[in-house]
1. For the stretch B:170-186, does any single residue satisfy the condition of being within 12 Å of another protein chain (Cβ to nearest Cβ) and surrounded by 20 or more Cβ atoms within 10 Å (Cβ to Cβ)?
2. Can you pull out every residue in the stretch B:32-82 that is farther than 17 Å from B:K184 by Cα, of a type in the set (A, V, I, L, M, F, W, C) and in contact with a helix residue (DSSP H, G or I) (Cβ under 9 Å, 6 or more places away or on another chain)?
3. Take the residues in the stretch B:147-166 that are more than 16 Å from the chain's Cα centre (by Cα) and not aliphatic (A, V, I, L, M); name whichever of them is surrounded by the most Cβ atoms within 10 Å (Cβ to Cβ).
4. Check A:G54 against each of (1) closer than 23 Å to A:A101 by Cα; (2) more than 13 Å from chain B (Cβ to nearest Cβ); (3) not β-branched (V, I, T) and name the one condition it does not meet.
5. Please specify each residue of the stretch A:158-169 satisfying the condition of being more than 7 Å from every other protein chain (Cβ to nearest Cβ) and either of a type in the set (G, A, S) or open to solvent by 10 Å² or more (accessible area, probe 1.4 Å) (or both).
6. In the set B:A200, B:A169, which member is under 22 Å from the mean Cα position of the chain (by Cα) and modelled with pLDDT under 95?
7. How many residues does the stretch B:251-283 hold that are at the interface with chain A (Cβ under 7 Å from one of its Cβ atoms) and among the aliphatic types (A, V, I, L, M)?
8. Just to confirm my filter: which strands (runs of 3 or more DSSP E) fall fully inside the stretch A:28-132 and include at least 2 residues that are surrounded by fewer than 24 Cβ atoms within 10 Å (Cβ to Cβ)?
Amino acid sequence: MKIAVCVSQVPDTATRIKIGSDHKSIDPTGVTLIINPYDEFAIEEALKTKEKVGGDSLVYVISVGDDSVKETLRKALAMGADEAILLKSSGNKDSLAIAKALSDEIKSLGCELVFCGKQSVDFDSGITGQLVAEMLGYNCVSVVVDFKLDGNKIIAEREIEGGREVVETELPAVVTAQKGLNEPRYASLKGIMAAKKKTIAEKPAFDSEVFTEILDMHLPPSKQPGRILGTDKSAVPELVRLLREEAKVI
Amino acid sequence: MAEKILAVLEQREGNLKRVSFEAASVAVSLASQLGFEAEAVVVGSEINNLNELSKYGISKLTHLKNELLENYSPSAYSEMIALFANESGAKILIFPNTAMGVDLAPRVSVKLNAGIAMDCMKLEVKDNDIIATRPVYAGKSLIDVKLKSGVKIFTIRPNVFRPQPVDSATVQVEIKQVENPNLKTKVTAFKKSEGKIDVAEADIIVSGGRGMKGPENFHLIEELAEVLGAAVGASRAVVDAGWRPHREQVGQTGKTVSPSLYIACGISGAIQHLAGMSSSKYIVAINKDKDAPIFNVADYGIAGDVFEILPALTEEIKKLKS
């Protein structure tokens, strides 16, 4: 079985965001780029599925971006992915355009199972997997915390408000991974050495229409530092009074 | 005929959710500014509280009905909503940014070739167009975006747009029986998390961090949450240590939340955590270290011992409620 994993590269979550001079993107100075945390769960699940299905299964990792993304693809190879593909694009793309590039590539590779992270921690839309599924005409289960594949059949659990939905569907399908699905493996030394030798296939990303125009990027209004009401429980009645009378939230 | 804006409502277990009224209100408000008509659509089997929608000024609600659609089916719901939006000629669709909305809206966007902006916190009409403000980097930054497509989809963050009741409005409810829904993907069961309010939906959240010292002390958080009718939240450190389940995690790799009140207990305020909760309306911090970054975003703070303050706070609120 051919399995695809869509990955993206994002600023480290500890990054303090500074707005770039164009006011439409962040200032990249000093920003460390990492593999999107949710994509690590996607890679792990793809590798586990490959091990389980066996045969001549292959795991492809695919990303859309510039040359810097090779670092992230190399990390996925070091974890155990078989092939990496970089769909080169440097311009501004929205989720729809990225999903289009990914789905075209997945189609030409003939992958029938696709894993994505449930969202990337930069633009946070959380929709790329669903878009890819819809574009390919595949079934989709998003925000998955438990995944079972039995032949053609998928039984997955997805996280929703107040609990989990058990979802049944069939291949071909896209699954988006939520934290809790698995424990991503560390790259072994052997994996790291092997990844260094692999080539990352580069192709131009097909340029599709971009519907989203970013007008402005700005920081949220900073909060005024509040009042410290005290250092022990004697401050509690005053806190409750303020919550009730001033904030009116209880 | 005026152009249409369509609120896509969400029901669970046969009841419209609160966020559905928020979506309806947003649709009504945008429609009046744009000279559009606001309509609503909902998919499901029996739905009990459809008439409650009349309070919010929507003129027409269509219930796409089939007994097989009691539970969510992404394949069926997305097909039916896209078909209905097409037939009714809707130019703008508003979805709640809930687990269901986030699953559904992108699929509908592909079917309608519509641009999409998720998790909007503000929708402003300017020059006859909509400017959406949405958080990125878990709320560390905001972007204003405009969609350039013919049909546009926006999802709204729960708890941010308050439903606005309108005087003496009526809603015309039309029930459309749907045949042969596409059930290629379907929900076969729901496993409820035990008696808990979900952080993503809660109006009040009581959250615990590393300062709680161990999972055995979280009963103090739960007791306060109980008297407040609040959800229990947790910091990443606590979730990674296995003290609390991931569904309670607030922050950049957990949930970004906007409740009315967020009470942070023993949380120092890592940047990832602050990103996820700083759009809360009011923030209370209880932490021993008066220099902890959490106090920079808190409206009210007590720089003391959580083990002393939490029980006192629970008692004080109990007194107030009795």
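The values are calculated or read from the model by the stated rules, or taken from the named source; none is laboratory data. As the structure is a computational prediction, the values presented were derived from the model and not from experiment. Please note: Cβ atoms are built from the backbone with ideal geometry, for glycine as well, and neighbour counts cover all protein chains shown. For the accessible areas, the whole protein counts, side chains as well, though only heavy atoms, and no ligand, DNA or RNA atoms are used. Shrake-Rupley method; radii C 1.70, N 1.55, O 1.52, S 1.80 Å.
1. yes
2. Residues of the stretch B:32-82 farther than 17 Å from B:K184 by Cα: B:32-42, B:45-65.
Okay, now just the ones that are also of a type in the set (A, V, I, L, M, F, W, C), so B:34, B:36, B:38, B:40-42, B:47, B:50, B:53, B:58, B:61, B:64.
Matches in the stretch B:32-82: B:F36, B:A38, B:A40, B:V41, B:V42, B:L53, B:I58, B:L61, B:L64.
3. B:K152
4. (1) is the only condition that A:G54 fails.
5. Matches in the stretch A:158-169: none.
6. B:A200
7. 2
8. By residue number, A:33-35, A:58-65, A:83-88.
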